[in-house]
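Shown next, in structure tokens, is the structure this report addresses.
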Amino acid sequence: MADNVTVGYDTCHRVSPWCPVEATTYGYYPNFAGNVFFAVFFGVLGVFQLGIGIYYRSWTIMVALAAGGLMELAGYIGRVLMNDNPWNGDAFKLQIVCLVLAPTFIAAGIYLTLKHIILALGPEHSRLKPRLFTWVFISCDVGSLILQAAGGGVAAAADDDYELLKIGDDIIIAGIAFQVATMSVCGLLALEFFWRVKRSGPGSFSEKSIGRRSIHIILFAEIFAYFTVLIRCIYRIPEMAGGWGNPLMQKENEFLVLDGMMVALAVLSLTVFHPSFFLPSLRKGVKGQP
């Protein structure tokens, strides 16, 4: 479970004088109240995402955002279980896999939203065709997901094998770094698109299929979610790069703020200001209506 296997902790299953909490990967009892809060928070938002997606029949973005929210829920349940027993290997595996992978689904929801914003404001202003934003960036997202899932799987299967843990860690870092690179390229293309829209004149908003107020709201939600997920991914690189049980990994406050809170704010933004509310092209039609 941790680098500490090299000093004889490979048989530890519960905290004891011979298996201190300081020797676990995180080196602390995960905060019960903070992790319960995030578990409940993501659970509620995940249910809302399912409800909104079913109501508007916006299936694709529903899958991305609901999956991300519910995986975060599962991850924080794992951390809550570790509060009772920081040596709980199954809970450790649950939270590391889910909390590493979940933001990738949120990023996919951001790419989907951007595609439909471009369709609403004018595809002619985009260097990349709108459909390519989903094909290219979600394909890259899937690649990042596969790398992170493979790394998480290797780490979860490693148990007390330090070398295997290190391999899993390196694969996860590669996946997260690839995700940061993908988001950065997408952000630059989006920035260029918005600059071209702005230069096209003030009438470009009112002439499209979405009102000025609506586009401002969804742009705020999209940009806010983008930067919060990006901050989380950037934080995760040095947090994982130091190896299992490194000093940064053992600072829970930083984790709860730069990972948990950043992803929570992203999902909250895309729930309160759900893209389906503002972008008709995302909707397949409200259930019960023609």
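The values are calculated or read from the model by the stated rules, or taken from the named source; none is laboratory data. All figures in this text were calculated on a predicted structure; none of them were measured in a lab. As a convention, Cβ positions derive from the backbone with ideal geometry for all residues, glycine included, and neighbour counts pool all protein chains shown.
Brief remarks follow.
- Test: residue in region 187-197 that is at pLDDT 85 or above, over 30 Å from Asn246 (Cα atoms), of a type outside the set (D, E, K, R) and not in a helix (DSSP H, G or I): no
- Filter result for Ala107 (within 19 Å of Val257 (Cβ to Cβ) and either assigned to a helix (DSSP H, G or I) or not β-branched (Val, Ile, Thr) (or both)): no
- Subset of region 231-290 [closer than 26 Å to Ile217 by Cβ and either in a loop (DSSP other than H, G, I, E, B) or among the basic types (Lys, Arg) (or both)]: Arg232, Phe273, His274, Leu279, Arg283, Lys284, Gly285, Val286, Lys287, Gly288, Gln289
- When Asp169 is tested against the conditions (1) over 25 Å from Val63 (Cβ atoms); (2) over 19 Å from the mean Cα position of the chain (by Cα), the lone failure is (2).
- Candidate set from region 67-101 (those that are assigned to a helix (DSSP H, G or I) and farther than 24 Å from Gly151 by Cβ); member that is nearest to the chain's Cα centre (by Cα): Asn83
- Search result, residues across region 220-250 that are crowded, with 17+ Cβ neighbours inside 10 Å, aromatic (Phe, Trp, Tyr) and either over 20 Å from Phe137 (Cα atoms) or without any contact (Cβ under 8 Å) to a residue 40 or more places away in the chain (or both): Tyr235, Trp244
- Which numbered condition Thr104 fails, given (1) hydroxyl-bearing (Ser, Thr, Tyr); (2) over 26 Å from Ile172 (Cα atoms); (3) crowded, with 22+ Cβ neighbours inside 10 Å: (2)
- The sole residue among Gly69, Gly78 that is under 15 Å from Met261 (Cα atoms) and touching a Leu at 6+ places or on another chain (Cβ under 7 Å) is Gly69.
- Within region 201-218, considering residues that are of a type in the set (A, V, I, L, M), over 23 Å from Val180 (Cα atoms) and modelled with pLDDT of 85 or more, the one surrounded by the fewest Cβ atoms within 10 Å (Cβ to Cβ): Ile217
- Test set (1) outside any loop (DSSP other than H, G, I, E, B); (2) modelled with pLDDT under 95; (3) not aromatic (Phe, Trp, Tyr) - His13 fails condition number: (1)
- In summary, Leu147 fulfils each of the numbered conditions (1) within 23 Å of Ile223 (Cβ to Cβ); (2) in contact with a helix residue (DSSP H, G or I) (Cβ under 8 Å, 6 or more places away or on another chain) with the single exception of condition (1).
This table checks each residue for (1) under 17 Å from the mean Cα position of the chain (by Cα); (2) modelled with pLDDT under 95; (3) of a type in the set (Gly, Ala, Ser); (4) over 22 Å from Phe37 (Cβ atoms).
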position: Phe220; (1), (2), (3), (4): no, no, no, yes
position: Ile231; (1), (2), (3), (4): yes, no, no, no
position: Gly245; (1), (2), (3), (4): no, yes, yes, yes
position: Lys251; (1), (2), (3), (4): no, no, no, no
position: Glu254; (1), (2), (3), (4): yes, no, no, no
position: Leu258; (1), (2), (3), (4): yes, no, no, no
position: Met261; (1), (2), (3), (4): yes, no, no, no
position: Leu265; (1), (2), (3), (4): yes, no, no, no
position: Ser269; (1), (2), (3), (4): yes, no, yes, no
